[in-house]
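Single-structure report; data block below.
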Amino acid sequence: GEEQRPRTDEQWRGQAQGTCQTMCPGRELEARELQRCLHRFELLAGTERFRKPRGDPFRAVKEYSRPAAGKDSTNPTDLRPPAVLMKTVCYLIDDIVYSFAFDRLRSVKQDMIIQRMSGLKCVAILERTVRFLTYASYRLCGEPLRLYDPRINDTHLQENLSWLLDCYATGTGPHPNQEEMQALGLLYNLGSSLCLIQLPERLRSSPAVTLALSINQAFLQRNPVRVLRLARRLNFIQSCALHRHFVTCGRDLLLIYSHGYSSRNCRFPLDGLAQLLSLDAPLAAQLCQAYGVVVNQDNQLVFSKAAFTEPEPGKLHCKLYHSIVAEKLRDFSVGSIIHGMVLDCYV
């Protein structure tokens, strides 16, 4: 897409350096005031009901705008330098809702690309952006498309993650969060060889990456019981990355059991299956019914390979598995996790 980061210096005639010290350039703020294009988060308190509400220079954030022919996107007064971009990202993570933050994070990325940002400041911004988009992929799944489009979120998450892994590979460091972010990439892209190719040998023995590799191997082997068992050891943000694969694991587990325990006289306890799925019994029963597995009056499952059916598209989504992720949040704030302040141990 038009946002792909540059690969070669020959594509650039000169490196732009931003001088804008506010989250939104003054020129853009004035223009959007006149056009009445300010978001409610950006309005100056007390002017909300004015015919032309005023913009708050301390809360307004530069919008993402598509590159256009004849438009100079390298004007230093419109570009925010690294320190201001970091301040903007922190503001968006700590204080703002997804739809607003997503657009403004795109504008941060755009400023970074134009200035050819690299090094530790670039890494710090990308790490927060990847965590934010990973969290959004869990928190907003199943919401209406007008509020959240998983494909668009996925595209931007993959682009930012790829850029971040390139920064690790080409930068001098130190990169204390590299193990965590490599593991996130593996868990989010479970079953893909992309993150494995970019995985440095020295990281393969680190705790987070070792666990992610074990989960990836179990997933490739179609062993959903092992995937779900190992997933219990993940921390909150890792579980957010993995959660989109829980539907596949649940489906595979029920398919395997529908063949393995397919007998008219065979019964399997619902509680036993619920434990394997890391779900409570009512949610496990709901999942079984969606796949045509009978739950009798004694809360026993009647598996039958002939009765196993695929649910209608859209009828079953990963919100069913949100309890697995939500319980890992514990007493942490989402903001502290996205900023990388929470480090969980691996058991």
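Which numbered condition in (1) in contact (Cβ under 8 Å) with a residue 60 or more places away in the chain; (2) touching a strand residue (DSSP E or B) at 6+ places or on another chain (Cβ under 7 Å); (3) of a type in the set (D, E) is the only one that D56 fails?
With respect to (1) in contact (Cβ under 8 Å) with a residue 60 or more places away in the chain; (2) touching a strand residue (DSSP E or B) at 6+ places or on another chain (Cβ under 7 Å); (3) of a type in the set (D, E), D56 is out only on (1).
Can you give me the number of residues within the stretch 279-301 that are buried (at least 19 other Cβ atoms within 10 Å of the Cβ) and either within 23 Å of the chain's Cα centre (by Cα) or β-branched (V, I, T) (or both)?
The qualifying residues number 2.
For the structure I just gave you, tell me whether K305 is among the basic types (K, R), out of contact with any Cys (no Cβ under 6 Å at 6 or more places or on another chain), within 23 Å of L220 (Cα to Cα) and part of a loop (DSSP other than H, G, I, E, B).
Details: among the basic types (K, R): yes; out of contact with any Cys (no Cβ under 6 Å at 6 or more places or on another chain): yes; within 23 Å of L220 (Cα to Cα): yes; part of a loop (DSSP other than H, G, I, E, B): yes.
Yes.
Any residue at all in the stretch 105-119 that is within 10 Å of the chain's Cα centre (by Cα) and crowded, with 19+ Cβ neighbours inside 10 Å? Steps first, please.
Pass one, the stretch 105-119, residues within 10 Å of the chain's Cα centre (by Cα): none.
Within the stretch 105-119, not a single residue is within 10 Å of the chain's Cα centre (by Cα) and crowded, with 19+ Cβ neighbours inside 10 Å.
Consider R51 carefully, then state whether it is in a helix (DSSP H, G or I) and free of Cβ contacts under 8 Å to residues at least 12 places away in the same chain.
On the way: in a helix (DSSP H, G or I): no; free of Cβ contacts under 8 Å to residues at least 12 places away in the same chain: yes.
The answer is no for R51.
Checking the condition at pLDDT 95 or above and of a type in the set (S, T, Y), which residue from Y261, Y188 passes? Don't jump to the end; show me each part of the working.
Working: Y261 fails: at pLDDT 95 or above.
The unique qualifying residue is Y188.
What is the number of the single condition among (1) part of a helix (DSSP H, G or I); (2) without any contact (Cβ under 8 Å) to a residue 60 or more places away in the chain that E180 does not meet?
(2)
Within the stretch 326-339, is even one residue in a loop (DSSP other than H, G, I, E, B) and hydroxyl-bearing (S, T, Y)? Walk me through it before giving the result.
So in the stretch 326-339, the residues in a loop (DSSP other than H, G, I, E, B) come out as 327-333, 339.
Subsequent filtering for residues that are hydroxyl-bearing (S, T, Y) retains 333.
Scanning the stretch 326-339 turns up at least one residue that is in a loop (DSSP other than H, G, I, E, B) and hydroxyl-bearing (S, T, Y).
Between E42, E143, which is free of Cβ contacts under 8 Å to residues at least 24 places away in the same chain and within 30 Å of N189 (Cβ to Cβ)? Steps first, answer last, please.
Values: E42 fails: within 30 Å of N189 (Cβ to Cβ).
The unique qualifying residue is E143.
Rundown of residues vs (1) of a type in the set (S, T, N, Q); (2) at pLDDT below 95; (3) assigned to a helix (DSSP H, G or I), yes/no style:
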| site | (1), (2), (3) |
| --- | --- |
| F102 | no, yes, yes |
| C141 | no, yes, no |
| W163 | no, no, yes |
| A169 | no, yes, yes |
| G173 | no, yes, no |
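Inspect all residues belonging to the stretch 207-220 and state whether any of them is outside the structural domain of G250 (by TED's automatic domain parsing) and assigned to a loop (DSSP other than H, G, I, E, B).
From the stretch 207-220, those outside the structural domain of G250 (by TED's automatic domain parsing) are 207-220; that's our starting set.
Those left that are additionally assigned to a loop (DSSP other than H, G, I, E, B): none.
Taking every residue of the stretch 207-220 in turn, none turns out to be outside the structural domain of G250 (by TED's automatic domain parsing) and assigned to a loop (DSSP other than H, G, I, E, B).
Answer yes or no as to whether G171 is closer than 22 Å to L105 by Cβ, over 21 Å from the mean Cα position of the chain (by Cα) and not hydroxyl-bearing (S, T, Y).
On the way: closer than 22 Å to L105 by Cβ: yes; over 21 Å from the mean Cα position of the chain (by Cα): yes; not hydroxyl-bearing (S, T, Y): yes.
Criteria met by G171.
So the check is Cβ under 8 Å with 6+ separation or different chains; which pairs have a first residue in the stretch 297-311 that's under 13 Å from R251 (Cα atoms) and a second one that's of a type in the set (A, V, I, L, M) and outside any loop (DSSP other than H, G, I, E, B)?
So the pair list comes out as F308/L254; F308/L255; P311/A290.
Please count how many residues of the stretch 125-148 are of a type in the set (A, V, I, L, M, F, W, C) and more than 17 Å from H339 (Cβ to Cβ). Even if it seems obvious, please write down each step before you answer.
Applying the first criterion (of a type in the set (A, V, I, L, M, F, W, C)) to the stretch 125-148 yields 125-126, 130, 132-133, 136, 140-141, 145, 147.
Keeping just the survivors that are more than 17 Å from H339 (Cβ to Cβ) gives 140-141, 145, 147.
Qualifying residue count, the stretch 125-148: 4.
The values are calculated or read from the model by the stated rules, or taken from the named source; none is laboratory data. Quick caveat: nothing in here was measured; it's all calculated off a predicted structure. Backbone-built Cβ (ideal geometry, glycine too); neighbour counts: all protein chains shown.
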